[in-house]
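Chemist: Just passing along the structure, written as structure tokens.
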Amino acid sequence: MKGFTLIFLFLSITLSAQDFSLKQKSPLAADTFVGADSYGNYYFIKNNILFKQGSNGTLKFGDYQLGKISSVDIINPLKILVFYKDLNTVVFLDNKLNEIERINFNTLSNNMNINTATNAGNNRLWVFNLDSSQLELFNYRTLQKTIVSQPFSGDLYSQASNFNYCFILTDSKLLTFNVYGSLLFEMESLGYEKMVQQNENLVVLKENSLFYISGNSVKPIKIPLSENKIKDLHLTQDLLYIYDGINILTYSLTYPKQ
């Protein structure tokens, strides 16, 4: 992504049918659809239990003592991150959903209260520190943290990340940071409610409509959809997964040239 700030009027440009087509429709009974990995496994939450469902059967993990599951990061399916906000705790799972380790931020020497936690690779987490209202990179081996952003104002709606970038959606801004702490991209949120990412590409949700934002784009592009309700979504390997509360709809997404 280039280093620039974008503030613009909303432009309703739409992807063509050739860019976006339904590939599969699968029934699913879940409270939350987390996403799918490269092996075709589905991850979802039901009754506060994390499930992994695929050709090899169904696996599950849960710990009611930790409270409600706040988020799950499957960017590394060999080291899945489950975040429990109420207990300020991260649990790592292997690909069989067996617990590898857990990090209780309340018991660390430099304890902090966090609102989000996603995988940054190399023993690091992207965390939003509630005490400072800042995005930080936290190394859970050395217990060192790097402040990535200035303090945020307003409400944090969504965080999405990979090993290179972290995307933050607040009630007023959409921002992108890299692992070196540089702000690469900033724009008005335009009423976006949720986002998912793949590399430098974003899909954002607004009033049950989806819009594509490229790292090199100066405007969002509307994705054509039927009237299906959008409850959860996930983006990976040029596939967009939409959960409407009854079915998972899998679409192929060909990114348009900018």
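Readers should treat all values here as calculations from the given coordinates under stated rules, not as data from a laboratory. It should be emphasised that the depicted structure is a prediction, and the values quoted were computed from it without experimental measurement. Neighbour counts are summed over all protein chains in view; Cβ atoms, including those assigned to glycine, are modelled from backbone coordinates with ideal geometry.
Chemist: Label the stretch 147-257 by shape, choosing from rounded, prolate and oblate, from the square roots a ≥ b ≥ c of the eigenvalues of the Cα gyration tensor; if a/c is under 1.5 it is rounded, and otherwise prolate applies when a/b is larger than b/c, oblate when it is not.
Modeler: Here the stretch 147-257 falls in the prolate category.
Chemist: Continuing with the same structure: Classify the chain as rounded, prolate or oblate from the Cα gyration tensor: take a ≥ b ≥ c as the square roots of its eigenvalues, call it rounded if a/c is under 1.5, otherwise prolate when a/b beats b/c and oblate if not.
Modeler: Verdict is oblate for the chain.
Chemist: Let me ask something else about it. How many angstrom separate the Cα center of the stretch 166-189 from the Cα center of the stretch 92-156?
Modeler: 17 Å
Chemist: Can you pull the percent of Cα pairs in the stretch 49-110 with separation above 16 Å?
Modeler: 43 percent
Chemist: Under a point spin-label approximation (7 Å from Cα along Cα-to-Cβ), what is the LYS46-LYS25 distance to one decimal in nm?
Modeler: Each label point lies 7 Å from its Cα, and together they span 2.0 nm.
Chemist: Using the Cα atoms of the stretch 112-202, I'd like the radius of gyration and the largest Cα-Cα distance, Dmax, both in angstrom.
Modeler: Rg, Dmax (Cα atoms, Å): 12.2, 39.
Chemist: Note down the magnitude of the dipole of the stretch 129-258 about its Cα centre, charges +1 on Lys and Arg C-beta and -1 on Asp and Glu C-beta and zero elsewhere, to the nearest 20 debye.
Modeler: The dipole magnitude comes to about 240 debye.
Chemist: What length, rounded to one decimal in nm, is gained on full extension from LYS96 through to THR254, with 0.36 nm per residue of separation minus their alpha-carbon distance?
Modeler: Value of the extension gain: 53.7 nm.
Chemist: Hey, can you rank 69-78, 149-158 by average C-beta count inside 10 Å, highest first?
Modeler: 69-78, 149-158
Chemist: With a/c under 1.5 counting as rounded, go ahead and sort the stretch 165-224 into rounded, prolate or oblate using the C-alpha gyration tensor (a ≥ b ≥ c being the square roots of the eigenvalues; past the cut-off, prolate if a/b is larger than b/c, else oblate).
Modeler: Prolate is the answer for the stretch 165-224, as a/c is 1.5 or above and a/b outweighs b/c.
Chemist: Once you put a point 7 Å from the Cα of LYS219 and another 7 Å from the Cα of ASN110, both along the Cβ direction, what distance in nm separates them?
Modeler: According to this spin-label approximation, the distance is 4.5 nm.
Chemist: Work from the charge dipole of the stretch 140-258 (Cβ charges, +1 for Lys and Arg, -1 for Asp and Glu, about the Cα centre) and give the residue of GLN237, LEU202, PHE163 farthest towards its positive end.
Modeler: The Cα lying farthest towards the positive end belongs to PHE163.
Chemist: So how do 122-135, 43-56 stack up, highest first, on mean other-Cβ count within 10 Å?
Modeler: With the highest mean Cβ count within 10 Å placed first, the list reads 122-135, 43-56.
Chemist: For labels at GLN65 and SER182 in the simple 7 Å Cα→Cβ model, what's the distance in nm?
Modeler: 4.5 nm
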